[in-house]
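These notes concern the structure reproduced below.
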Amino acid sequence: MTMLVVSNPSAPYLKWLREMPADVNYVVGNTVETLSGLAENADAILYCMGPGISLKAVWDLAPRVQWVHSLSAGLESILFHALAESTVPMTNGRGVFKDSLGEFVVASILHFAKDLRRMVRNQEAARWEQFDVEMAAGKTLGVIGYGEIGRAAAVRAHALGMKIHVIRRRPQLSDEDPIVEKSFSIAERAEMMAGVDYLLLAAPLTGETRGLVGEKELRAMKPSAVVINVGRGPVIDEAALIAALKDGVIKGAALDVFDKEPLPQGHAFWGLSNVLLSPHCADHTATWTDEAMQFFLENLRRFQGGEPLTNMVDKKSGY
């Protein structure tokens, strides 16, 4: 078997390639020149994060490829028409980082419920100022994007005593879900958002989800509500969110993803005290790339053994 590993050759996670079976012949690189030697006979492509050659450029070099795996979960910047229309299976790292992101969601809920920013500010000023805090228990978490990440967050929020409302393409899929109190369709998102205390966006970026939450949806929310985005920045209209935060339409936002990353200097989010800002690192545990590579190795074992692959991408839908 021959594999093209598209990556910065100095990336530490490449140590896991030593765990591949001896019969896998591979080359690592992020330039056409490096990859072209084995590309003509390549059976598979492992596409890793980082700058360099595009997946389409590698695809064009490798006419015999039978499987493509993306080390990361997000596909909006790498999936292209020819691959989407082909019969070649594609898999990704979806769900590998769900536990860390689920914890970040809970941390964000508690950040606003307990007003941790105010506590830190008072501590730094040596000021003893008692104030009331909120309980998470009894509040409602609404989830847009009830996949692996959305459910990981919902499980943790439910354990705090929170009620869970979700949006799904097919709401009936949640009929037997023991933690979901109510399920809505995408068209009913404004209705769901009007009743939640915390809104979690964990959806992938597709043509359908881009701008899914805009001014209308934000204005339907409670003034005490908080938006949490761990999916993709453009799922929410950024200008509408900034206006809602400045005007007090909603209480706050916890954001791990943005329209443009890194977030530019001078951007409005930097100066908003009702924003908890994470530089897209809520899933960056010390072992996150190791876990992603271990998941890939398991799929490689399946591929070589003729077994069904895990995390098959719906290429037409984009996730």
For Kirkwood radius over Cα pairs in Å, which listed value, (i) 22.6; (ii) 20.1; (iii) 21.2, comes from the coordinates shown? (iii)
Quick one: putting +1 on the C-beta of Lys and Arg, -1 on the C-beta of Asp and Glu, what dipole do you get for segment 1-131 around its Cα centre, in Debye to the nearest 20? 580
Working note, segment 62-177: Cα radius of gyration (Å, one decimal) and Dmax (Å, whole number) are 20.5, 68
Taking a ≥ b ≥ c as the square roots of the Cα gyration tensor eigenvalues, with a/c under 1.5 meaning rounded and otherwise prolate when a/b beats b/c or oblate if not, segment 98-277 comes out oblate
Count of lysine pairs in the chain with Cα separation under 17 Å (8 or more residues apart, or interchain): 14
Cα Rg over Rh - segment 254-319, Kirkwood: 1.18
Relative contact order, percent, of the chain when contacts are C-alpha pairs under 8 Å separated by at least 6 residues? 15
Using the number of other C-beta atoms within 10 angstrom as an exposure proxy, rank 59, 16 with the fewest first. 16, 59
Scalar couplings 3J(HN,Hα) for segment 68-81 by Karplus 6.51 cos²θ - 1.76 cosθ + 1.60 (θ = phi - 60°), nearest whole Hz, x for Gly and Pro, are 10, 10, 9, 5, 9, 8, x, 10, 4, 9, 10, 6, 9, 4
Just report the Cα centroid separation between segment 1-16 and segment 94-163, whole Å. 36
Determine, from the Cβ-Cβ distance of residue 22 and residue 60 and an R0 of 25 Å, the FRET efficiency 1/(1 + (r/R0)^6), rounded to the nearest 0.05. 0.30
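Laboratory data are not the source of any read-out in this text; all were calculated from the coordinates shown. The model shown is predicted, which means the values in this text are computed figures rather than measured ones. As a convention, Cβ positions derive from the backbone with ideal geometry for all residues, glycine included, and neighbour counts pool all protein chains shown.
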